[in-house]
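J.: Questions regarding the structure given below will be posed in turn.
A short reminder: the numbers here are calculations on the coordinates, not readings from a lab. Small disclaimer: the values here were computed from a predicted structure and weren't measured. Quick reminder, even Gly has a Cβ in these numbers, built from the backbone with ideal geometry, and neighbours come from all protein chains shown.
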Amino acid sequence: MKLRVSRVHFPVTVLGPGRRLGIWVQGCGIKCHGCVSRDTWDRNGGQLIDVNELVQDCRRITAGQIDGVTITGGEPFEQPDALAALLDALEGWRTAKRFDVLCYSGFPLKQLEREHATLFARLDALIPEPFVEERPIPGAWRGSDNQPLIAPSKLGRERYSTFPIKAPSIQVVVTDNPIWFIGIPRRGDMDRLQVLVKQYGLELEDASWRT
């Protein structure tokens, strides 16, 4: 089974507790206004990757120093069969290393419970509902206050019993070519960032939030 993937990063420290592996799937038909990851909308973008090969690579790059996996995107539940295969592969990995799996989705919780109950039940934590730019940011990990955190598993309830009250934060990852900004920005943060870097003679081209 192959999953269409936008990118993978490790460690991610702003989308869930601890040092996490972040998997961004490619393709989203929800297209929330104000989304900062518009580069993940195109369903023909990214790469089709065999799920087992993906997890083998992830095990190698994390080298056992992992507290959790965050699956985001894009919209993971638009690839339900591949998401199920990914959860199978992660479960095999978790026999050797205890970590939690958090998944983001722009679908309403009731729809996920109705259409993807089996997948939903296999997660440790889920942050559903579409991002609403006009609503306030409640703290770390969420983009708007209509998005709850659901913890179906015992491990999820242990690790996600309460949201951290710290403000949203951004993690910067520099690769060979693009610079990735990971996390939940405050309203206007990305515009302020562009102004700041311009003062140093830099220009942010092809920014995902403007794509």
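J.: Among the candidates ILE61, ILE137, which residue alone is closer than 26 Å to THR162 by Cβ and either surrounded by fewer than 21 Cβ atoms within 10 Å (Cβ to Cβ) or without any contact (Cβ under 8 Å) to a residue 12 or more places away in the chain (or both)?
T.: Being closer than 26 Å to THR162 by Cβ and either surrounded by fewer than 21 Cβ atoms within 10 Å (Cβ to Cβ) or without any contact (Cβ under 8 Å) to a residue 12 or more places away in the chain (or both) holds for just one of ILE61, ILE137, which is ILE137.
J.: Same structure again: If you check PHE131, PHE99, which single one turns out to be aromatic (Phe, Trp, Tyr) and touching an Asp or Glu at 6+ places or on another chain (Cβ under 7 Å)?
T.: PHE99
J.: Looking only at the stretch 82-120, filter to residues that are acidic (Asp, Glu) and in contact with a helix residue (DSSP H, G or I) (Cβ under 9 Å, 6 or more places away or on another chain); which one of those is surrounded by the most Cβ atoms within 10 Å (Cβ to Cβ)?
T.: Within the stretch 82-120, the match that is surrounded by the most Cβ atoms within 10 Å (Cβ to Cβ) is ASP100.
J.: Check THR40, THR13, THR72 and return the single one that is surrounded by fewer than 19 Cβ atoms within 10 Å (Cβ to Cβ) and not charged (D, E, K, R).
T.: Exactly one residue qualifies, and that residue is THR13.
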